[in-house]
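Comments concern the structure below.
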Amino acid sequence: MGQAGTLILIMAAAVLAPLLAHFVGRWVRIPVVIFEIVLGILIGPDVLGWAHGGEIIDVLSDLGLSMLIFLAGYEIQFAAIRGDTLRRSVWAWVISLALGLGVALALTGLDLSRAVIIGTALTSTALGTVLPILRDSGDLEGRFGTVMMAFGAVGEFGPIIAMAVLLSGRKPGAATVVLAIFAAVTAAAVFLALRPRRPWFSQVIRSTLHTSAQFAVRFVMLLLVAMLALSQELGLDVLLGAFAAGLLTRLVLQGSAPESSEEILTRVEAVGFGFLVPLFFIVTGIEFDLASLLDGGRALVLLPVFLVLFVVVRGLPTYVLAPRDLSPLSRRALTIYSSTCLPLVVAITAIGLDEGVVKKSEAAALVGAAMISVLVFPLLALRLRARERHIKPRMPQAPETEAW
């Protein structure tokens, strides 16, 4: 089947996935991303053989991943996560990176290149995947949501930085210099974003918000494409540019049109979650090497090992360094949410495969374990949060007095 037919199948799967999630949700709540990946595997070459990758499909998939990371970057609220919570989240990820690299070196027989790929993948948190679950469950608001945003943001941003430094093909010193240049350009953009906007800018946003001009949405897309191009020109991973574009977009919109920022985000999310993001996850399923995993042997053994390592490498430091004002149940839920991963695992293993560093079986085991984490871990975390809400004592109310 040609790429046009494959695209039709992908969009049909994108429509079918939320329907399946809705009907299955009567018995158990499963993230829609799981249905997207499974449907991709089903129509892919290893099962029905109806859909195959191609240049156009791959470009759209890359845009979907960039949009997913962009939306995750937009959700970051520095005013809420700064201070002790941010410091704890950073230290938790640094410990995870050291632990991940150490474990990966042991698994690969001291093969540094493979250890960097596997170790970095073990430290990621799928904030972009977890956010819709948190939003739908109401856990995004309040103290738990703030802490989860901090740990999730660092768990998503940290591996991107590590990829830029360790997987760029440059020496660490040169990679750090290039990263510093990118940071300087981004800081300059942040400075400009924080400056008061001219009245005409806000007026154009408001006047075109409900017309075909859609100035604000077009401006957001310009920011995204510009940051992607900048990161690519500097030889950095484009996900770094996508994340930075999300941060910049929040600053620009809240500074120039705070009353319209939520509506603008809704329209951008419609493009992302309505088209590009599900396309990325379905293509991930299509390109998933199911045959390598089902052949048995080392790949099948590694899958549960990696699943446990996600919790040990990423979750354990999170649990230890979680703010002490969280209850034990909330800390466990934070640990499990932080251990949930997928998008960056796919991106990192794809880089490893392109460079011939990791084996197909290892990549399949990593992605397979990440898929299971997205399926199982949020469900466990939701149960812990629901249990806490159930047992949380109610504040005593003052007795009512009769009205005279």
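The values are calculated or read from the model by the stated rules, or taken from the named source; none is laboratory data. Everything quoted here is computed from the prediction, not taken from an experiment. Cβ atoms come from the backbone with ideal geometry, glycine included; neighbour counts cover every protein chain shown. Areas reflect the complete protein model, heavy atoms only, side chains present, ligands, DNA and RNA absent. Shrake-Rupley method; radii C 1.70, N 1.55, O 1.52, S 1.80 Å.
You will find that of A213, A229, the residue that is open to solvent by less than 50 Å² (accessible area, probe 1.4 Å), farther than 15 Å from T266 by Cα, free of Cβ contacts under 8 Å to residues at least 40 places away in the same chain and part of a helix (DSSP H, G or I) is A229 and no other.
So how many residues does region 113-152 have that are without any contact (Cβ under 8 Å) to a residue 12 or more places away in the chain and out of contact with any Asp or Glu (no Cβ under 8 Å at 6 or more places or on another chain)? Residues flagged as without any contact (Cβ under 8 Å) to a residue 12 or more places away in the chain and out of contact with any Asp or Glu (no Cβ under 8 Å at 6 or more places or on another chain) within region 113-152 amount to 6. Taking (1) open to solvent by 50 Å² or more (accessible area, probe 1.4 Å); (2) under 23 Å from L97 (Cα atoms); (3) assigned to a helix (DSSP H, G or I) in turn, R324 satisfies each apart from (3). Of the residues making up region 268-310, those that are at pLDDT 85 or above and over 21 Å from the mean Cα position of the chain (by Cα) are P304, V305.
Of the residues making up region 101-138, those that are within 14 Å of G158 (Cα to Cα) and surrounded by fewer than 19 Cβ atoms within 10 Å (Cβ to Cβ) number 0. Taken over region 348-370, the residue count meeting the criterion of being touching a helix residue (DSSP H, G or I) at 6+ places or on another chain (Cβ under 6 Å), in contact (Cβ under 8 Å) with a residue 40 or more places away in the chain and not β-branched (V, I, T) is 10.
Every residue, every condition in (1) on the phi > 0 side of the Ramachandran plot; (2) out of contact with any Leu (no Cβ under 8 Å at 6 or more places or on another chain), yes or no:
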{"residue": "G83", "(1), (2)": "yes, yes"}
{"residue": "R87", "(1), (2)": "no, yes"}
{"residue": "W93", "(1), (2)": "no, yes"}
{"residue": "V103", "(1), (2)": "no, no"}
{"residue": "R114", "(1), (2)": "no, yes"}
{"residue": "V130", "(1), (2)": "no, yes"}
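What residue, among those in region 311-348 that are more than 19 Å from G158 (Cβ to Cβ) and among the polar types (S, T, N, Q), is nearest to the chain's Cα centre (by Cα)?
Filtering first and then ranking leaves S330.
Looking across region 139-149 at every residue that is modelled with pLDDT under 80 and open to solvent by 10 Å² or more (accessible area, probe 1.4 Å), the one that is farthest from the chain's Cα centre (by Cα) is identified as G142.
Every residue, every condition in (1) open to solvent by 10 Å² or more (accessible area, probe 1.4 Å); (2) among the small types (G, A, S); (3) touching a Cys at 6+ places or on another chain (Cβ under 9 Å), yes or no:
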site	(1), (2), (3)
A333	no, yes, no
P343	no, no, no
T349	no, no, no
K359	yes, no, no
E362	no, no, no
I372	yes, no, no
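From the set of residues in region 1-17 that are in a helix (DSSP H, G or I) and modelled with pLDDT under 85, which is least open to solvent (accessible area, probe 1.4 Å)? Selected residue: G5.
Just a yes or no: is a residue in region 83-96 open to solvent by 20 Å² or more (accessible area, probe 1.4 Å), in a loop (DSSP other than H, G, I, E, B), in contact with a Pro (Cβ under 9 Å, 6 or more places away or on another chain) and of a type outside the set (K, R)? Among the residues of region 83-96, not one is open to solvent by 20 Å² or more (accessible area, probe 1.4 Å), in a loop (DSSP other than H, G, I, E, B), in contact with a Pro (Cβ under 9 Å, 6 or more places away or on another chain) and of a type outside the set (K, R), which makes the answer no. When only residues in region 18-44 that are of a type in the set (A, V, I, L, M) and not in a helix (DSSP H, G or I) count, which is most open to solvent (accessible area, probe 1.4 Å)? Result: V28.
For region 61-75, the set of residues classified as closer than 20 Å to Q232 by Cα and either open to solvent by less than 30 Å² (accessible area, probe 1.4 Å) or small (G, A, S) (or both) consists of S61, G64, L65, S66, M67, L68, I69, F70, L71, A72, G73, listed by residue number.
The helices (runs of 4 or more DSSP H) located wholly in region 237-312 that include 2 or more residues which are out of contact with any strand residue (DSSP E or B) (no Cβ under 9 Å at 6 or more places or on another chain), farther than 22 Å from S61 by Cα and open to solvent by less than 10 Å² (accessible area, probe 1.4 Å) occupy 238-256, 261-271, 298-309. The single condition among (1) free of Cβ contacts under 8 Å to residues at least 40 places away in the same chain; (2) in contact with a Leu (Cβ under 9 Å, 6 or more places away or on another chain); (3) part of a helix (DSSP H, G or I) that S66 does not meet is (1).
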